[in-house]
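Written below as structure tokens is the structure these notes are about.
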Amino acid sequence: MGRDFVSGATVSRIGAVMMALIMITSVAAGTAVADTGMEEAEPADEVFVDDDGGAVLVYDEDDGIDDEASGEFGVDISESVAYALVSDEIEDDVSAAFSMVLDNDGLESSGSLAADRPADVEDFSMDVTGEQTESTNDFDANLELALAAADSPPEATADESGSTSGSVVMGADDLATQGEFDVSHNAPPDSPEIGLDMEITETGDDYTLEMAQQNEIVEFETDDWDTEDAAQATLEDEFEVVAQDLGSDVTVTIHDYDFEDDVNAMGDGHLDIEYTIELENAKDGLEQLVAEDLATDPTLDVTQSEADEIAADILDAELETFELAFAEDDTTVDGHWDVAFSGFESSAYAVMDLAEASDEMDDDAADEFDDYEEMYEAQAAADLTETTEWDVTFDAAGGSQEFVVDVTSEADNWDAYTDELADRDIDSPEFVIDAHAETVGDEIDLEMGLEVGQEAIIETAITTMADDLQNDPTVDDDALELVSAFDEADLELMQFDLDMDDGTVTFETGASFDDLGAFEAHLEDGYHGLTVEHIYGDDDAGYVYVTDMADDDDDEDDIREHSIVADDTEIHMPGDWDEDHPRLDMEEVDNYLETDVGDDESDDDDSIPGFGAVAALVALLSIAMWARFDR
């Protein structure tokens, strides 16, 4: 009747659980908690009853499991700490170190990695820097990668290349983006040129579309385009539908026209045409369409007059520039774009009003939108402008490939923006990231550091997670109670360290809470009404320390009445045993977490420090599930 306290699968599960703790803001982490449920513990292998009526429940290791991993874990309810250490062998030749500390002031982490360079990687480098403080918001990333050709490349390897560069500039009242792209390729020889050059302008309520396009026309549609009159009629028919929907007038003018029949064996044609489309009084009609959709949307609580006002505000933004062009021939595709809007203020507030009018908007979401509105006001007051630029190239020749990526972003008037946020009692998180990687000989080396500063980051994250689960219909009441207890326990500090070297992976993790007593009722349910004060597991066994197991005059038969005891459970009454059962070394936990968690010292024991069953790490999250074992 044994347990597999340390298996290879356990290590991967531990990692998953710990990453859930690291990324506790995610809904997935909350779901991981909720899915654990509250199953009752299985009967112990042995029960050691002490003179005070308490007992140690022992769950033996399964000797039939061949596993190289080792470790220990523990949870102490009175000191409100959880701790784990695990070590295992790995086959990969990797050297790595990673550390992370999370407390209510923020998160700090650093790491390094050295791994064998893959055979097809000739060269690699990466630099990422970013800083967001009260006065600065900048980001810069560069990546260069060269891949060697395969040892046995295909007989015919196409030479290809591509690039794109551009920018996005965004303020509270305007948005602009422009850029260009080009790609070389191998199309069938003598392919007809295709492309377009489009410009849209807005003048009051009118829209004008200037279009030049070259296009291949399939054989069964050639009659619609094979004369200029046919093309005029086809364009008028297409845009008349749009004009009718908008209640506007449309004028089609062809400036240049050329059509070529039978450009290929299938009888297709090739069209080269330039024309202008004018839509008069189109904006009013567009506002009416939007307003009708809003007023008849069953998920929105708006009157027709409110819908009319929202629609007008949404479309109040002005189109400054809209240009788009591309051209393709036998070997290349290239193009560019230039788009700009202004006058976003009314549109932005209209979108917020629309969101608040949704029947699906709960109180928490409404509060978030109130924050968004204040953040937008701060952005407008500070005249915050954020600019992102990129330059990406790709080349492939003879089977080898090269990639170069450059991305930068910066914010003008960021200090004024954070001042405006502070005036509205809104915190602006601070972070710094610095990452560097490169090929060094036959290895790839990586170093990274990350700092995130935000007041009450843990409290905010856990509360958000709990609120999300409250609104999830798939989460049952038991799981919600468990998450609520986790919230009440008040996680104060979490630390995680990983080391990989010489074929061994070791990681250590710990967490301290304000009061793990919040889980007392859940633990009692899990252990059939017994009060759990301490949990410990190592390579030899798992130990659960409980109180109120026996009264003064109880004998073995009375102990066997407990549900945690099976017929084959071995019972040791007071005076019949003198074993020292291991517990967490509180000094070790104190040193690791750098907190004063207590002066208790663990009993000496010859087992190798290590880690226990997957239930222990789930205990870090729920402190109530240690008893889920595999028989």
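The values are calculated or read from the model by the stated rules, or taken from the named source; none is laboratory data. Just so it is clear, the model here is predicted, and its values are computed rather than measured. Every residue, glycine among them, receives a Cβ derived from its backbone with ideal geometry; neighbour counts consider all protein chains shown. Just the protein is used for accessible areas: all its heavy atoms, side chains included, with ligands, DNA and RNA removed. Shrake-Rupley method; radii C 1.70, N 1.55, O 1.52, S 1.80 Å.
Restricting attention to the alpha-carbon atoms of the stretch 89-179, what are Rg (one decimal) and Dmax (integer), both in Å?
My reading of the Cα-based Rg and Dmax gives 20.8, 60 Å.
What whole-number value in Å² describes the accessible area per residue of the stretch 231-342 for a 1.4 Å probe?
On a per-residue basis, 54 Å².
Starting from 0.36 nm per residue, how many nanometres of slack lie between ASP391 and ASP552 once their C-alpha separation is accounted for?
Length difference between fully extended and current span is 50.1 nm.
Between ILE426 and ASP330, what is the label-to-label distance in nm when each label sits 7 Å out along the Cα-to-Cβ direction?
In this crude label model, ILE426 to ASP330 measures out at 5.7 nm.
Compare ASP245, ASP173 by solvent-accessible area with a 1.4 Å probe and give them largest first, with all protein chains kept in place.
ASP245, ASP173
Could you tell me the calculated FRET efficiency between ASP237 and SER358, based on Cβ-Cβ distance and R0 = 56 angstrom, to the nearest 0.05?
For ASP237 and SER358, the calculated efficiency is 0.90.
Determine the share of the stretch 472-559's accessible area contributed by carbon and sulfur atoms, expressed in whole percent, with a 1.4 angstrom probe.
Looking at the stretch 472-559 in its full context, I get 35 percent from C and S.
Given a Förster distance of 22 Å, report the FRET efficiency between THR177 and THR129 from their Cβ-Cβ distance, rounded to the nearest 0.05.
So the FRET efficiency works out to roughly 0.35.
State the Cα centre-to-centre distance between the stretch 259-286 and the stretch 418-491 in whole Å.
A separation of 52 Å, based on Cα centres.
Using mean Cβ contacts within 10 Å as the protection proxy, how do 421-430, 176-185 order, highest first?
Final packing ranking: 176-185, 421-430.
Please report the net charge: other residues with Cβ closer than 10 Å to the Cβ of SER99, K and R +1, D and E -1.
-4
Extending each Cα 7 Å along its Cβ direction at GLU89 and GLU42, get the distance between those two points in nm, one decimal.
2.7 nm
If you add up the charges near VAL339, with Lys and Arg at +1 and Asp and Glu at -1, over every other residue whose beta carbon is less than 10 angstrom from its beta carbon, what do you get?
-3
Could you pull the accessible area for PHE259 with a 1.4 Å probe, rounded to 10 Å²?
Its accessible surface works out to 30 Å², give or take rounding.
Want the number for VAL440 to SER342: 0.36 nm per residue separation, take away the alpha-carbon distance, what's left?
Computed gain between VAL440 and SER342 is 30.4 nm.
Under the 0.36 nm per residue contour assumption, what length would be gained going from the current alpha-carbon distance of HIS255 and GLU481 to full extension?
74.2 nm
Using a 1.4 angstrom probe on the protein heavy atoms only, line up VAL241, VAL121 by accessible area, largest first.
From most accessible down to least: VAL241, VAL121.
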